[in-house]
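Colleague: Okay, handing you the structure first.
The values are calculated or read from the model by the stated rules, or taken from the named source; none is laboratory data. Source: prediction; values computed, not measured. Virtual Cβ from ideal backbone geometry, glycine too; neighbours counted across all protein chains shown. To get the accessible areas, we keep the full protein, side chains included, count just its heavy atoms, and leave off ligands, DNA and RNA. Shrake-Rupley method; radii C 1.70, N 1.55, O 1.52, S 1.80 Å.
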Amino acid sequence: MRENKQLITIKGTRDGLTLFIDDSCSFEDAFIELNEKLIEHHASREEPRVPVTIKLGNRYLDLEQTTRLQELIERDSHFYAQEFESNVIQKQEALLWKEESEVKALTRIIRSGQVLEVKGDLLLVGDVNPGGKVVSTGNIYIMGNLRGIAHAGSDGDRNAIIAASYMKPSQLRIADYISRAPDYESDGVYMECGLIDEEKDKIVIDRLQVLSHRRKDLSGFERRMLNG
Amino acid sequence: MGEAIVITSGKGGVGKTTSTANIGTALALMEKKVCLIDTDIGLRNLDVVMGLENRIIYDIVDVIEGRCKLKQALIKDKRFDCLALLPASQTSDKSVGTTEHMKKIITELKQEYDYIIIDCPAGIEQGFQNAVAGADKAIVITTPEKSSVRDADRIIGLLENKEIEDPKLVINRIRNHMMKSGDMYDVDEILQILSIDLIGIVIDDDEVIKASHKGEPVAFHPNSKASISYRNIARRILGETVPLQSLENEKGVFQKVKKFFGIRS
């Protein structure tokens, strides 16, 4: 059986090697064959190390298997494992992924002393009162008055934005940036958003319309799928 | 079967006790059977405002700890037969008693009275938890000051988790000229922030202070704006639709005539 069908296929690309591992055989068989293949390969000259992308097809590798495979590939220090690509992920991981990329829609008033924390994007239909706080790992959209604190991208996503129908926040936080309301009494603004301005290196508040060219990939799901 | 209403605010000094006394008195004026409960244990005031201080023999802590029967601790008001007061203790502290004790007392009082008005202590600790435990409804008191509105907001948030109907709002101590000049929140701003139903507004009135100094709730005499306000609140509690009082001070015939002809002063 093993003689008839190649379990390991190697292809050279511009970015290094791509290693296809058959996804219907056992891990041990594939491991043995890869070992043989690597022994056959003798790079005598002093070459720079070649990056290898490992395509696993519909195979799931646990952490131990990944480490073993990586050690095998990097054993003779001709190659290094750049990336493991698999069509499958664990359910747990998928759920986490889903949670982080969903828009959570909620209708309530966040009052003084209350904290609302969500994973992913938050769509709040209601107010955030002074002393109240909303935190999300993604973007925050508020259909209502934002008078308290909003913290978007709490896991460090600097591309996150905060949008509100009426903005008069006591603080805006995005990732590790914080901006606060001025000390003088000011009127709030309608239909605006807060985002990080890379050039000024701070949070700026601007009209919602600027989002269409400054955050083109706002629709969170695709963005996070791409960023992993 | 009666109804228990807790009067609360979070912040101290906004007029919980005064409001309790006056709403209670106004309800009693309409011939409802009313029992006031002071739950501010250790800092009791309600008996002083009602002028019943020297009639206290037993208090709520005696009831909780079983030294007397509930009926023995109730003080009948000197003006109305249908009004009673369950005073707080002055010697223990706020943490005395549990929510279970309060629920039991209130259930017992509900058999006898139409309205049980509970005066809540300031703060959000055990005393607050006890006071709201047995209540069916809540009235939140705030003044047009920022700090007081903030605390009211917090209290409304805490009440959301309890088995209580949506709280109603009383805005107390309104100073019209300051609201107009923007030095204080105005009624609309407060309602926008708190987004709960308004059940009454009370103007800051010297008569209120005079009356509580005398130990006679201001609602007893219908000669001041505050008194009318409290009576209106009581009528709204009974389900009547009463328009809000005008905040303007009508100064005399001349003003009235001007108003009649639509001339703004």
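Colleague: Within 10 Å of each Cβ in peptide B:150-161, how many partner chain Cβ atoms are there on average? Round it to a whole number, please.
Modeller: 5
Colleague: Further, regarding this structure: For chain A, what is the calculated [θ] at 222 nm in deg cm²/dmol (nearest 500), taking -39500 (n - 2.57) for each run of four or more DSSP H residues and dividing by its residue count?
Modeller: -6000 deg cm²/dmol
Colleague: Lysines near A:Lys11 by alpha-carbon distance under 29 Å, same-chain residues fewer than 8 away left out - which ones?
Modeller: Candidates past the 8-residue exclusion: A:Lys37, A:Lys55.
Colleague: Normalised radius of gyration for the protein assembly as shown, please: alpha carbon Rg relative to 2.2 N^0.38 Å, two decimal places.
Modeller: 1.47
Colleague: For the stretch A:8-85, give the share of DSSP beta bridges that are antiparallel, in percent and rounded to the nearest 5; count only bridges with both residues there. Intermediate results must be reported in sequence, preceding the final value.
Modeller: Values: 6 of 16 bridges.
Here the share of antiparallel DSSP bridges comes out near 40 percent.
Colleague: At a probe size of 1.4 Å, how large is the accessible area of B:Glu207, to the nearest 10 Å²?
Modeller: Accessible area of B:Glu207: about 70 Å².
Colleague: Amide H neighbours of B:Gln90 under 5 Å, counting only residues 5+ apart in sequence or on other chains, H built in-plane at 1.01 Å?
Modeller: B:Gly42
Colleague: At 1.4 Å probe size, with no ligands or nucleic acids counted, give the accessible surface of B:Arg67 in Å², nearest ten.
Modeller: 140
Colleague: Moving on. Provide the solvent-accessible area of A:Lys98, counting protein heavy atoms only and rolling a 1.4 Å probe, rounded to the nearest 10 Å².
Modeller: We get 110 Å² for A:Lys98.
Colleague: What list of ³J(HN,Hα) values in whole Hz, one per residue of the stretch A:162-173 in order, does the Karplus curve 6.51 cos²θ - 1.76 cosθ + 1.60 (θ = phi - 60°) give from phi, with Gly and Pro shown as x?
Modeller: Going residue by residue, I get 10, 10, 8, 5, 9, 10, 8, x, 7, 8, 10, 10 Hz, with x marking Gly and Pro.
Colleague: I've got another one for you. Mind scanning B:Lys32/B:Lys225; B:Lys11/B:Lys180; B:Lys104/B:Lys162; A:Lys133/B:Lys168; A:Lys133/B:Lys94; B:Lys69/B:Lys103 and naming the pairs with a C-alpha gap bigger than 19 Å? Mind dumping the intermediate values first?
Modeller: Details: B:Lys32/B:Lys225 22 Å; B:Lys11/B:Lys180 24 Å; B:Lys104/B:Lys162 17 Å; A:Lys133/B:Lys168 24 Å; A:Lys133/B:Lys94 30 Å; B:Lys69/B:Lys103 16 Å.
In this structure, B:Lys32/B:Lys225; B:Lys11/B:Lys180; A:Lys133/B:Lys168; A:Lys133/B:Lys94 lie more than 19 Å apart at Cα.
Colleague: For A:Lys104, go through the aspartates and glutamates and keep the ones whose alpha-carbon is under 14 Å away, minus same-chain ones fewer than eight residues off.
Modeller: Correct list for A:Lys104: A:Glu117, A:Asp121.
Colleague: Let me ask something additional. Quick one: of A:Lys91/A:Lys119; A:Lys119/A:Lys200; B:Lys71/B:Lys210, which pairs are farther than 25 Å apart, Cα to Cα?
Modeller: In this structure, A:Lys119/A:Lys200; B:Lys71/B:Lys210 exceed 25 Å between Cα atoms.
Colleague: Give, as a single signed number, the net charge of other residues whose beta carbon lies under 14 Å from the beta carbon of B:Leu74, with Lys and Arg counted +1 and Asp and Glu -1.
Modeller: Value of the local net charge: -1.
Colleague: Within the stretch B:113-131, name every residue whose backbone N is under 13 Å away from a label modeled 7 Å from Cα of B:Glu165 along the Cβ vector.
Modeller: B:115-116
Colleague: Continuing with the same structure: Only helical DSSP H runs with n ≥ 4 go in: add -39500 (n - 2.57) per run for chain B, normalise by residue count and round the 222 nm mean residue ellipticity to 500 deg cm²/dmol.
Modeller: Computed mean residue ellipticity for chain B: -11500 deg cm²/dmol.
Colleague: Express in nm, to one decimal, how much length is gained between A:Asp22 and A:Lys5 on full extension, taking 0.36 nm for each residue of separation and deducting their alpha carbon distance.
Modeller: 5.2 nm
Colleague: To check you understand DSSP bridge types, tell me what percent of the beta bridges within the protein assembly as shown (both residues inside) are antiparallel, rounded to 5. Could the numbers behind the result be given before it?
Modeller: On the way: 23 of 86 bridges.
Antiparallel bridges: around 25 percent, rounded to the nearest 5.
Colleague: Can you compute 3J(HN,Hα) from phi for each residue in the stretch A:49-64, using the Karplus curve 6.51 cos²θ - 1.76 cosθ + 1.60 with θ = phi - 60°, rounded to whole Hz and x for Gly and Pro?
Modeller: With coefficients 6.51, -1.76 and 1.60, one gets 5, 9, x, 10, 9, 9, 9, 9, x, 8, 9, 9, 9, 7, 4, 5 Hz.
Colleague: Length gain on complete extension for the stretch B:Ser147 to B:Glu65, per 0.36 nm per residue less the alpha carbon to alpha carbon distance?
Modeller: Once the chain is fully extended between B:Ser147 and B:Glu65, it gains 25.9 nm.
Colleague: Buried accessible area for the A:B pair, summed, 1.4 Å probe, in Å² rounded to 100?
Modeller: Details: alone 13940 and 13100 Å², together 26070 Å².
Buried area (both sides, nearest 100 Å²): 1000 Å².
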